[in-house]
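Computed from the coordinates by the stated procedures, all read-outs in this text should not be read as laboratory data. Here the structure is a predicted model, which means the values were calculated and not measured. Neighbour counts are summed over all protein chains in view; Cβ atoms, including those assigned to glycine, are modelled from backbone coordinates with ideal geometry.
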Amino acid sequence: MMDADRAARRAVTRGTVTAARLREGKVIVDVQLFSGEFRRGVELPLPAGMTYLPSAGADVTVLEVGGRRSQLIALVADDPALRIAGLAPGEFGFRDAGGQQVVMRATGLELTSPLRVVVDSPDIRLGGLSATKRVKLEDDTAASKVKAQ
C-alpha cells in the first residue's frame, strides 16, 4: 500500500471522549482513538450559539487538518443516551443528562424539564406574536421574569 493511501485512510477516524473542558471559550476534548492512540487537547468546534461538553464515553469523529496527525480536530461528539426518541422527519431537539429537553416539533415547540424553568424577557406574551395580552403578575404589574414552580 502506498504511503499516500495509508495517510488518507487515517485522515478521518473515530474514538471515545475521555474528558472535556472549556478553554478560552472553546470546547477541548481528550480522545482515545480506535487505533489505540490517545490525544489530549483536541478542539471540538460547535455550531454558532451552541455549547456542549460531551461526557466521558461519548463517541467522537476526528479529522486530521492538512493531513497532519499533530493537527487533529473533533468534528462530532455523540452520546446515544441523550438522543430524543420519537422524532418525526424534520423535527429537531436538544437533551441533557438531567432529562431537560427542547424539541422543535412539526406541531410546535416542546420544553420538558424535571427542574425549575426560568424565562427572562422584558416582554412576555402567551399566544404568539399577535397576542394582545402580556403576562402580568398577581399584583397586576407587567412580568419581565417568570419562574415556573
- Message: Show me the GluC sites (Glu not before Pro) within region 23-127 that DSSP assigns to loop and that have at most 11 other Cβ atoms within 10 Å of their Cβ.
- Response: Glu24
- If the chain between Arg21 and Met104 were fully stretched, how many nm would it gain, using 0.36 nm times the residue separation less the Cα-Cα distance? 27.1 nm
- Message: Show me the ranking of peptides 101-108, 54-61, 80-87 by mean Cβ neighbours inside 10 Å, starting with the highest.
- Response: 54-61, 101-108, 80-87
- Message: Please report, in whole Å³, the volume per residue of the convex hull around the C-alpha atoms of region 3-80.
- Response: 95
- Message: I'd like the chymotrypsin sites (Phe, Trp or Tyr not before Pro) in region 42-115 restricted to DSSP loop residues with at most 16 other Cβ atoms within 10 Å, sorted by number.
- Response: Tyr52
